[in-house]
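The values are calculated or read from the model by the stated rules, or taken from the named source; none is laboratory data. Fair warning: this is a prediction, and the values are worked out from it, not measured in the lab. Neighbour counts run over all protein chains shown; Cβ positions are idealised from the backbone, glycine included.
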Amino acid sequence: MLPQKGRTREDILATVAAYREDDLDWKSGRTFGYVYDPGHAASEIGKEVYASFLTENGLDPTSFPSLRRLENEVVAMARAQVRGGAGVVGTFTSGGTESIMLAVKAARGWARKHRPKLDVPEMVLPVTAHAAFYKAADYLGVRAVTVPVDGVSFCADPEAIRAAITERTVLLVGSAPSYAHGVVDPIGAIAALAAERGILCHTDACVGGWLLPWFRRLGVAMPDYDFAVPGVTSISMDLHKYAFCPKGASLLLCHDAALRKHHVFANATWMGYSVVNTAVQSSKSGGPIAAAWAVMNALGDDGYAEIARQMHACTRGIVDGVARISGLSVLGEPQMSLVAIASCRASVFHMSDEMKARQWYVQPQLRRGPSPENLHLTIGPTNARWVEAFLADLAASADAATALPESAMAAQIAQTFALMDPASVPDETVAGMMGMAGAQGGALPSRMAEVNQILNALPPALVERALIEFMGQLFRS
């Protein structure tokens, strides 16, 4: 409820601090996900500059030319990272999802111009492509055609992509790296297919676009993925991930201005001011772009090189250490700092709970296709000091999880829904399943293994409905 009288500054700050008591303790370096922390100095300059541009509005770059200059300079730095020539142009966005939405919108617009008779354009996605592409498909009316990946490396399969291309295909997609396993797809082969068929090719480098060049300097073998590859027409790159900028900072880079025009929106038919937006948002704070510029300049080449060195050493230490723990393995061969850990002797969902009890946050991932259920780590520089302690607790968690049972409810649910049409299952049944596992009323149980085992047993379509149901309970107002 809105208070009758305004509250004091002290009261407001105390209340906000109390609200944060149950948030992840990302500053400890024991959290492997969600937050990308470059250290105190770079974070502080980012926050300071963010606050100084908080009120400036990026809606009209002619009213705030400082924002236009900052964006052009950020794009120029990013363009150099992905070996783009002077013709490469970019757009600053709020995050990877918006960058990917714009890439798909550009492909749709390109198709409308060059294939005006095409009613429903298609894009071909390896099953490892980010969920944002499916979101873009849902929003923009572009059909997502998924293809399998190699079951050992988890890299995209160019031949599977070739087989999926039809006269409707307007966009091929690869990742650098894919989120789930941290591997770089064979972008060269994918882009060659696109060039051969006269269609577009997008590299989703939201995770690695900024930092992968420094990993390459460290000798990490990886295929080319950027504008040095003939046929790559656009690249998405998050700056609030491994460029360590404050949240709300990403880029879509296009190989030329002609392609970018297809994701720009303009309207001069309504009765207000003429509107032109390069991205989805209209009004937007100048804080994110200013803060991104500040952090990138504060760290510089030497700073990012040192961060990459720390992260590479940490990643190798964890990958090598997991290999020494009985029954555990790393999926694929991570080429950056995303690691997926599978187990053949214990439930990874029980392991996740055990790690949480030991003050670690790791992210459970469900079984999909050739990828078994696993624990996902997003490794950052603040994790580097914890490698040995993390591995010791991971081994102890695996031992403890071995003695814990699989969910009988999950097994029953798997059998019940194996032959059912997910669309025929009532919403009440979906909510009831989650409630029986302890997820109800917007609350989650202290141990999530049974909830995750149930989700793992359900068809993806029912998982999506269960998640939507739960989200509706979380946000009740």
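Points worth noting:
- On inspection, residue 37 fails the criterion of being within 29 Å of the chain's Cα centre (by Cα) and either assigned by TED's automatic domain parsing to the domain that holds residue 443 or free of Cβ contacts under 8 Å to residues at least 60 places away in the same chain (or both).
- Residues that are basic (Lys, Arg), out of contact with any helix residue (DSSP H, G or I) (no Cβ under 9 Å at 6 or more places or on another chain) and outside any strand (DSSP E or B) do occur in segment 213-228, at least one of them.
- Which listed residue is in contact with a helix residue (DSSP H, G or I) (Cβ under 8 Å, 6 or more places away or on another chain), part of a loop (DSSP other than H, G, I, E, B) and within 23 Å of residue 24 (Cα to Cα), from 445, 364: 445
- Filtering segment 351-380 to residues that are exposed (fewer than 15 other Cβ atoms within 10 Å of the Cβ) and of a type in the set (S, T, N, Q) leaves only 359.
This table checks each residue for (1) in a helix (DSSP H, G or I); (2) without any contact (Cβ under 8 Å) to a residue 24 or more places away in the chain.
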{"position": "300", "(1), (2)": "yes, yes"}
{"position": "312", "(1), (2)": "yes, no"}
{"position": "336", "(1), (2)": "no, no"}
{"position": "398", "(1), (2)": "yes, no"}
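- The residue of segment 192-212 that is farthest from the chain's Cα centre (by Cα), among those that are assigned to a helix (DSSP H, G or I) and surrounded by 24 or more Cβ atoms within 10 Å (Cβ to Cβ), is 194.
- Here residue 460 qualifies as out of contact with any helix residue (DSSP H, G or I) (no Cβ under 8 Å at 6 or more places or on another chain), closer than 27 Å to residue 354 by Cα and at pLDDT 85 or above.
- Residues that are among the hydrophobic types (A, V, I, L, M, F, W, C), part of a loop (DSSP other than H, G, I, E, B) and modelled with pLDDT of 95 or more, drawn from segment 65-89: 82, 88
- Here is the figure for segment 18-64: residues that are exposed (fewer than 13 other Cβ atoms within 10 Å of the Cβ) and more than 23 Å from residue 241 (Cβ to Cβ) total 7.
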